[in-house]
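The values are calculated or read from the model by the stated rules, or taken from the named source; none is laboratory data. Because the structure is predicted, anything quoted here is derived from the model rather than measured. A quick note on method: Cβ atoms are made from the backbone with ideal geometry, for glycine too, and the neighbour counts reach across all protein chains shown.
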Amino acid sequence: MLAWSVAAMSDALRRLAGASAANVPQAVAAACEAAWWVTVVDAAMTRHHPDAYGRALTDLDPAARRAVQGSLTGLRLIRGQLGYFADPGDFIQPAPGPASQWTWSAVSPPRPQRGSAREASPYREYRAHLAGKPVAAALGQAAGFLCRAYASATRPGE
């Protein structure tokens, strides 16, 4: 199942790379689908291969580790908001040029759902690591990390 999810994540990123800026709804959908698949693979890796995931994080330099972890947390915020509290277009800032160069929007903080202090952390990570940054670059960085972690987890003898 995880191999299929990694393949689906890669396919979603390819669709985003090929999305036309002239078709805004399609390009926004491609970006949100890619974000969804990245978070699916992230969740599966942390649940089923925590050692490989941890090793892959440890292999990153501290700045890259913070960037990957912050981006993944921000992407989880997007996934949690889509369809319930936010429109996919709320998270994407179209601009002239290819859709892959569009940026993540600086969205307002989500309304607290549980009233806990933990609710603010994903939003802070979104603002710090995604807002204003190119959509495809952030997704590519997170997906690249997840592919390396997956490769480590599926090596013979692991």
Just to be sure, is Gly74 of a type outside the set (A, V, I, L, M) and surrounded by fewer than 18 Cβ atoms within 10 Å (Cβ to Cβ)? no
Quick one: is Ala106 more than 30 Å from Arg155 (Cα to Cα), outside any helix (DSSP H, G or I) and in contact with a Lys or Arg (Cβ under 8 Å, 6 or more places away or on another chain)? yes
Single match in Ala56, Ala52, Ala63, Ala27 (criterion: more than 22 Å from Ala153 (Cα to Cα), in contact (Cβ under 8 Å) with a residue 40 or more places away in the chain and in a helix (DSSP H, G or I)): Ala27
Going through the range 12-27 one residue at a time, which ones are under 22 Å from Ala142 (Cβ atoms) and either within 14 Å of the chain's Cα centre (by Cα) or of a type in the set (Ser, Thr, Tyr) (or both)? Ala12, Leu13, Leu16
Gly144 being surrounded by fewer than 16 Cβ atoms within 10 Å (Cβ to Cβ), closer than 26 Å to Gly18 by Cα, at pLDDT 85 or above and in contact with a strand residue (DSSP E or B) (Cβ under 8 Å, 6 or more places away or on another chain): no
Return yes when Gln69 is out of contact with any helix residue (DSSP H, G or I) (no Cβ under 6 Å at 6 or more places or on another chain) and buried (at least 16 other Cβ atoms within 10 Å of the Cβ) and no when it is not. yes
Residue set Ala63, Ala95, Ala21, Ala86; condition in contact with a Gly (Cβ under 8 Å, 6 or more places away or on another chain) and either exposed (fewer than 13 other Cβ atoms within 10 Å of the Cβ) or closer than 19 Å to Gly132 by Cβ (or both); output residue Ala21
